[in-house]
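Here's the structure, in C-alpha cells; my notes come after.
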Amino acid sequence: MKRQYPETAVFYRDLARLYELAERAEGVWIHGADGRRWLDGCGGALAVSVGHGRRRVARAAARQLEAVGFVHGTQFTTRAMEEAAALLLEALPAAYRDAKVYLTPGGTESVETAIKLARAVAVARGDGGRRLVLSQSPGYHGNTLGALAVSGRPALRGPYAPMLPDARFVDAPWCPRCPLGLRWPECEVACVAPAEEALADEGATLAAVLVEPVLGASAGGFAPPEEYLRRVAAAARDAGVPLILDEVLSGCGRTGRFLASEHAGVEADIVVLGKGLTSGYLPGGAVVAKPHVVDAAAPAFRHGFTFSHHPVVAAVVREVLRLFADEDLVRRAAGREPSLVRTLASIEAASVVRSTWGRGLLGGIDLEPADRGGVRASALAAAAFEEGLLIYPTGGPPGQGDVALLAPPLTIREEEMEEIGRRLRRAVARVSR
C-alpha cells in the first residue's frame, strides 16, 4: 500500500520518499493501511494538541459545514467566529482579555498578518521609515516569502534569498550552542545585548521585533532563560517598537502554560498562534492584537486572505478550546514534563546525542554532527519510524549538528510516554552502531 513519486498523481512533499498510507488515527496512534501503527511523538509537525480522532471536533466541523460552510470575512461574521474569539481570549492571560482576534488559514499566514499589521500601524502614525523587523537566528516563522524573510534558517532561505525583503537579525539565545561561548547563569544573559543595542540605535527603522519565546523547530524547542525575553520586551517598549511573540509552536499549552511567554511574565502587543489551535484538524491560526494596535491600524487594515475568519476553521478552534478547558489539557501538559525529561535523559549517554532538554510536552534532542561521529536528524527519524515512533527532525545551523523534537499530543497517557522512551532508545541504538 506504499506510494511513491512518480507512480501516482500526487506532488509529494519529498519526491524521493516512499510513503506509507495512513488509514486512520486515534489518540496518539496513527494506523497504516498494512496494519502497522506508529506512536505519534511529535503531533505530525508539532500540531496535534487534543489527540487524533476526536469525534467532538469532527462533529463540530460537520455541523458548521451544514449550517454555514463559507462566507467571506469582508461580508459576514458567524456565531462560530465570535464564540471562538471569545473562548481564545478566555484561555489567554488576563492581560489579553480586551484584545482582538484575527483568524487566519495557518501559522505562517498569522506571521504575515502580524508583520503587516505592525507596518500598518507605523504608516497610520506617519512613521513610514519603520520598515524592518528585528528577528533572531536561528529562528523559524514560516515558508512564504514574507515569513521566510524574518526566519533565521539559512538552508531554507538560500534558494530564495534574492527574493526576500530585508530584515535585521541578532543571535538567538540558544544556550546549548551559545554564540558567545558562555554558560548560563554566569553569562548574565550577555546574548541580549545585540537586541537591546539594535532597539536603542535602530528603533526608528524597526516596524516590530519578532521573538519566539521558546526557540522553535530551528533550535529544537529550547526554552531560553526567561530574563532574555523580559529584557527584549523592556527594550522594545522603551524604543516604541511593537513586540510580536511567535507562539505558533510553543503556544496552546505545549509548554505547560497556554502561552510559553507566561513563564517569563511577558505580554506582547501582538501574539501569533497556529498548529495546536486547531490540533491539525484543519489549517488554521490566529493573530491576537492588543486594542492600541488594532485602533491604530483602523479603520481599514489592508490585508486579508480568502479564507480568513473561515467559519469551519472557527468551529474547530471553538471545539478544540472547549476540549482544552473540559480536560484541563494545559495542566496535563505541565504534569507530563517530568516524564518527558526522563525519556530524553535516557538517551543522553548515546554517542550520537550531545544533550537534551524539555519543558511541558516539548522536548529537543541535540545531535552530534555527522562528520564527528554523530548522525543526521533525518536518519534518527527514519530509525524511529521503523520502531513505530514519529519524531520531528530538523537541520541545525550548518556544520553544528542537527536537532530533533518530541511533542506528543497533550492527551498522552503515562504508559504511552513510557512507550515513547522504549522506542526512542531502540531508535538511538540503531543509529549508534
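The values are calculated or read from the model by the stated rules, or taken from the named source; none is laboratory data. Quick caveat: nothing in here was measured; it's all calculated off a predicted structure. All Cβ positions, even for glycine, are placed from backbone atoms using ideal geometry, and neighbour counts span all protein chains on display. Quick note on the areas: whole protein, heavy atoms, side chains included, nothing else; ligands and nucleic acids left out. Shrake-Rupley method; radii C 1.70, N 1.55, O 1.52, S 1.80 Å.
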Using θ = phi - 60° and the Karplus curve 6.51 cos²θ - 1.76 cosθ + 1.60, what whole-Hz ³J(HN,Hα) does each residue of segment 65-79 get, with Gly and Pro shown as x?
4, 6, 7, 9, x, 7, 9, 7, x, 8, 10, 9, 10, 9, 4
For segment 183-237, what relative contact order do you get, as a whole percent, if you take Cα pairs closer than 8 Å and at least 6 residues apart?
44
Using the Karplus equation 6.51 cos²θ - 1.76 cosθ + 1.60 (θ = phi - 60°), what ³J(HN,Hα) coupling, rounded to whole Hz, does each residue of segment 172-182 give in order, writing x for Gly and Pro?
6, x, 9, 4, x, 10, 4, x, 9, x, 9
Reachable lysines from Lys116, criterion Cα separation under 18 angstrom, eight or more residues apart if same chain:
Lys100, Lys290
Karplus (6.51, -1.76, 1.60) ³J(HN,Hα), θ = phi - 60°, over segment 138-155, in Hz, Gly and Pro reported as x
x, x, 9, 10, x, 10, 6, 4, x, 6, 5, 4, 9, 9, x, 10, x, 5
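Can you compute the charge dipole magnitude of the chain about its Cα centre, using +1 on each Lys and Arg Cβ and -1 on each Asp and Glu Cβ, nothing else charged? Give it in debye, rounded to the nearest 20.
My answer is approximately 860 debye.
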What number, in percent, do you get for the relative contact order of the chain if the mean sequence gap of Cα pairs under 8 Å and at least 6 apart is divided by its residue count?
22
The answer for segment 257-382, accessible area per residue at 1.4 Å probe in Å², is 38
Within-10-Å neighbourhood charge of Gly51 [Cβ basis; K, R +1; D, E -1]
-2
Nearest-0.05 FRET efficiency for Glu418 and Ala67 at R0 = 51 Å, using Cβ-Cβ distance, is 0.75
Heavy-atom accessible surface of segment 1-114: percent carbon and sulfur, 1.4 Å
52
Under 11 Å from the 7 Å Cα→Cβ point of Ala155, by amide nitrogen: which residues of segment 338-380?
370, 376-379
Check which residues have an amide H placed less than 5 Å from Arg37's amide H, if you skip close sequence neighbours.
Gly32
Portion, in percent, of the accessible area of segment 244-333 that falls on carbon or sulfur, probe 1.4 Å:
50
Between Thr104 and residues 5 or more places away or on another chain, the pairs with built amide H atoms under 5 Å apart involve Gly285, Ala286, Val287, His309
If you take the beta carbon distance between Ala234 and Leu18 as r and set R0 to 51 Å, what does 1/(1 + (r/R0)^6) give as a FRET efficiency, to the nearest 0.05?
0.50
Which residue, Gly274, Gly265, Gly358, tops the fluctuation ranking in a GNM of the chain built on C-alpha contacts under 10 Å?
Gly265
To the nearest 20 debye, what is the magnitude of the charge dipole of segment 280-375 about its Cα centre, counting +1 on the Cβ of each Lys and Arg and -1 on the Cβ of each Asp and Glu?
180
Per residue, how large is the accessible surface of segment 171-237? Use a 1.4 angstrom probe and give square angstrom.
40
With +1 on the Cβ of every Lys and Arg and -1 on the Cβ of every Asp and Glu, and nothing else charged, how large is the dipole of segment 266-332 about its Cα centre, in debye rounded to the nearest 20?
140
Among 74-85, 333-344, what's the highest-first ranking by average C-beta atoms within 10 angstrom per residue?
333-344, 74-85
Would you mind pulling out the separation of the Cα centroids of segment 269-321 and segment 78-99, in Å?
10
Within the accessible area of segment 345-396 (1.4 Å probe), percent carbon and sulfur:
46
Antiparallel %, DSSP beta bridges [both residues in the chain], to 5
65
Whole-percent tail of the Cα-Cα distance distribution for the chain, cut at 36 Å, equals 24
FRET efficiency for Thr144 and Ala33 from the Cβ-Cβ distance with R0 = 30 Å, rounded to 0.05, comes out at 0.35
For Ala167, the net charge from surrounding residues (Cβ-Cβ under 15 Å; K, R +1; D, E -1) works out to +1
